[in-house]
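Working notes, structure below.
The values are calculated or read from the model by the stated rules, or taken from the named source; none is laboratory data. Note that the structure is predicted; figures quoted are calculated from it, not measured. Cβ placement follows ideal geometry from the backbone for every residue including glycine, while neighbour counts extend to all protein chains displayed. Surface areas here come from the heavy atoms of the whole protein model, side chains and all, with no ligands, DNA or RNA. Shrake-Rupley method; radii C 1.70, N 1.55, O 1.52, S 1.80 Å.
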Number of protein chains: 2
Amino acid sequence: MAARPTKKTSESSDKVSVICRALRRAIIEQALEPGAKLPEDSLGERFGVSRTIARHALGQLAAEGLVELRRNRIAVVATPSWQEARDAFDIRIELERLVVRQLAGKLTKAQIAELNAHVDAEDGARGGTDAVSIRLATEFHILLAQMTNSPILVRYVSEVAYRCCLTLSLYSRPHSTECAINEHRAIISALAKGDEAKVMDLMHHHLDSVANRALVAPTPQRGRDLLDILAPYADDIAGNRVVKLPKVARS
Amino acid sequence: MAARPTKKTSESSDKVSVICRALRRAIIEQALEPGAKLPEDSLGERFGVSRTIARHALGQLAAEGLVELRRNRIAVVATPSWQEARDAFDIRIELERLVVRQLAGKLTKAQIAELNAHVDAEDGARGGTDAVSIRLATEFHILLAQMTNSPILVRYVSEVAYRCCLTLSLYSRPHSTECAINEHRAIISALAKGDEAKVMDLMHHHLDSVANRALVAPTPQRGRDLLDILAPYADDIAGNRVVKLPKVARS
DNA sequence: AGCGCTCCAATTGCATGCAGTTTTGTGCGC
DNA sequence: GCGCACAAAACTGCATGCAATTGGAGCGCT
């Protein structure tokens with residue numbers, strides 16, 4: 001259990017992975033907002049690669065749910081619905097409870113130090129931009145996942161954490177990250193103490209409170225999803241008579 | 001909640017998706033065993049597309065963890081270690097508990113009928129090959145996930161279920177699927193009754209027993225991973241003198 | 001102005017070609 | 001027969017080119 005062979009899953013240093021990493025980071029730091037267009041040409045030019053590679057990278061990110069790919073259309077940064085955001089958080093809670101359950105009482109001194117150092121970094125970045133805070137907070141969770149030495153768990157936690165970041169930029173009001181930092185510290189100490197039930201609960205409530213602070217209202221304010229906005233009206237109308245909407249492409 | 005908009009994430013009808021589906025199915029039906037080589041040329045020729053497309057499909061499947069992609073090397077069907085298999089099942093348990101938790105007491109009559117019909121199909125296929133039984137059993141779980149109307153949950157449950165199929169063909173002895181069918185029926189009836197705690201427990205034990213029946217011993221019998229098989233011997237030898245193994249490529 | 005139509009630039013879908021790397025097969029010395 | 005060097009084949013990494021589709025500007029009509 002201590003020295004599980006850490007097999008490299010993928011994500012080496014080929015150009016596709018480089019682009020994926022760059023885009024992922026741009027997305028979670030909200031340099032690319034949901035709905036932003038990602039033409040293959042531009043990406044290729046920007047990263048000095050051919051369109052083929054850019055396209056491949058977009059395919060990967062689409063598989064992770066970070067970008068949306070519609071046939072013959074320009075790829076865009078994903079715009080999850082409010083419900084999808086909530087679903088993502090629900091899944092994340094279960095996965096991260098699993099993480100801390102596996103980790104409770106099994107961390108080395110060095111690992112605990114590493115976690116504390118990371119939270120210190122979060123603390124230090126408190127004066128910076130929200131984007132950096134969010135990235136650091138997310139990386140804390142990924143760091144935890146990595147300590148399980150389970151590549152699959154790392155992958156899923158990372159993916160779902162990224163998705164949650166995405167929703168933060170959609171539905172969240174400017175929020176304070178301070179309590180998150182304290183909660184991170186509490187989780188570390190509970191992990192060190194080895195109190196499995198306690199740490200699972202802490203993680204649960206931590207994520208739940210992040211979700212609740214982020215997903216304030218079921219009515220998306222800045223949500224770009226035209227369909228969701230129009231849904232109630234559409235129902236209304238359907239009751240009266242049929243109206244021709246301009247080719248709503250829900251399919 | 002009843003009529004959540006079912007947004008299509010990807011996986012439409014472009015050639016890449018077609019190839020992915022075909023390969024996925026071939027893998028879970030064990031027509032392609034773990035370790036099987038997947039050269040881009042051959043795939044392209046087989047499916048009547050260019051290498052570009054085959055390559056893209058392999059990339060997607062690699063992102064799902066079904067194939068392994070090493071730089072400049074032929075892609076192969078993934079060969080998860082025993083520990084990875086166990087991890088996959090652990091994650092799967094949590095995810096599917098979440099599925100049934102969301103579903104308990106919320107299924108329509110039609111949905112329950114659909115589930116029952118599926119289990120009937122599983123029953124009917126009992127005389128057939130193991131491969132078909134495994135596929136049907138897996139599809140039952142995916143069907144459940146789909147009923148949550150949460151695209152993210154569907155994606156993760158599907159992926160992890162496929163991965164579990166993969167490990168079945170690696171570490172499992174020829175097994176009986178009959179109890180699984182009964183357990184499926186029990187889950188459906190508990191879902192219909194709406195007993196949340198009960199159905200979560202049923203799902204937990206169902207998957208746990210599948211895992212335990214499959215992952216019998218930490219020593220893989222038919223495991224193709226040369227490294228794992230040779231590990232104890234290598235240790236032995238190392239104690240005496242150094243032996244030159246032919247370029248073991250663990251990286 | 002508002003609506004519909006046509007046509008063109010922008011963009012994707014896909015195949016092919018070339019360069020570099022790995023694997024395989026072959027011949028040679030022992 | 002056995003091991004080894006070397007060359008040929010196989011395969012991947014990536015760029016480019018062409019056809020098909022889309023989005024939108026421009027334009028005429030009401």
Handout entry: So residue A:23, is it over 18 Å from residue B:16 (Cβ atoms), more than 13 Å from DNA strand D (Cβ to nearest atom) and not in a helix (DSSP H, G or I)
Key = no
Fill in the blank from the handout: Per the list (1) at pLDDT below 95; (2) in contact with a Gly (Cβ under 8 Å, 6 or more places away or on another chain), residue check on residue B:159 breaks on (1)
Fill in the blank from the handout: Scanning region B:50-77 residue by residue, the ones that are facing chain A (nearest Cβ under 9 Å) and either within 16 Å of DNA strand D (Cβ to nearest atom) or touching a strand residue (DSSP E or B) at 6+ places or on another chain (Cβ under 9 Å) (or both) total 11
Exercise for the section: Identify, by number, the condition in (1) at pLDDT below 95; (2) at the interface with chain A (Cβ under 9 Å from one of its Cβ atoms); (3) within 25 Å of residue A:95 (Cα to Cα) that residue B:85 doesn't meet. Expected result: (2)
Problem - Answer residue from region B:117-167, given it is open to solvent by 30 Å² or more (accessible area, probe 1.4 Å) and of a type in the set (S, T, N, Q) and is farthest from the other protein chains (Cβ to nearest Cβ) among those - result: B:129
Practice task
Go through the residues of region B:39-52 one by one and say whether even a single one is more than 12 Å from DNA strand C (Cβ to nearest atom), free of Cβ contacts under 8 Å to residues at least 40 places away in the same chain and in contact with a helix residue (DSSP H, G or I) (Cβ under 6 Å, 6 or more places away or on another chain).
Solution key: no
Practice task
Just name the residue that is farthest from DNA strand D (Cβ to nearest atom) out of those in region A:31-49 that are of a type in the set (D, E, K, R) and surrounded by fewer than 17 Cβ atoms within 10 Å (Cβ to Cβ).
Solution key: A:33
Practice task
Only one of these is away from DNA strand C (no atom under 16 Å from the Cβ) and open to solvent by 20 Å² or more (accessible area, probe 1.4 Å): B:86, B:92. Name it.
Solution key: B:86
Practice task
State yes or no: is residue B:85 part of a helix (DSSP H, G or I) and within 13 Å of DNA strand D (Cβ to nearest atom)?
Solution key: no
